[in-house]
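S.K.: One structure, as structure tokens, below. Some questions next.
Here, each number is a calculation from the coordinates, and none is a lab measurement. Here the structure is a predicted model, which means the values were calculated and not measured. Note that each Cβ is placed from the backbone with ideal geometry, even for glycine, and that neighbours are counted across all protein chains shown.
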Amino acid sequence: MPVRRHNSEFFISRHVFLRHDGGMGKRREARERAVQFLFQHDLNPPDNLQQELDQFWNTQRAAAIEEEKSASKWGEPPAELPPPTVEEAETRLFADPLIRGVIEHRDEIDERIKQHCQNWDFHRIAAVDRNVMRLAIFEMLHREDIPPVVSINEAVDIAKKFSTEDSGKFVNGILDKVRSEILRPARDIK
């Protein structure tokens, strides 16, 4: 079980966001990590974004390395982190601009969400769902290299994985309304 709820707090299993799953695409993994950072940023905004991003990625790597160690090494002081692997660097290379873009355009993105969330107080939307939608809307508005339908499909799958099954429907409904306002084709890239 990747996510469990406990008194409205989220505990995300390391197995979900630390392991490089061969079946998961690099972009999907990057989007999942971006949502995790945005969730963290939403609840506890850092003073220094670059420092927080570096710490986030180092923590991800350290936990992944720790998980790969055998249980017999528990309790040993942490070793210096090796340089990122090519896969880790590629994940970060795709995720960092998404994270920065969402943060930079957050007010504009939040207004789009509010327009389409009738009868919902914006801050009552689950933080996971809110950040999944922010990421997808940023991609649809500012990343012409990503078709809007890809952004929506990825967002729905990530919402289902990290939130609830109903979240997928909610996220899809809002994102489809946003997509209908965009003047570029839903399936083509520039």
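S.K.: Where does each of 44-53, 139-148 land if you order them by average Cβ count within 10 Å, highest first?
M.R.: Highest mean packing first, the order is 139-148, 44-53.
S.K.: Based on the alpha-carbon gyration tensor of region 92-155 and its eigenvalue square roots a ≥ b ≥ c, which shape applies: rounded if a/c is under 1.5, prolate if not and a/b is larger than b/c, or oblate?
M.R.: The shape class here is prolate.
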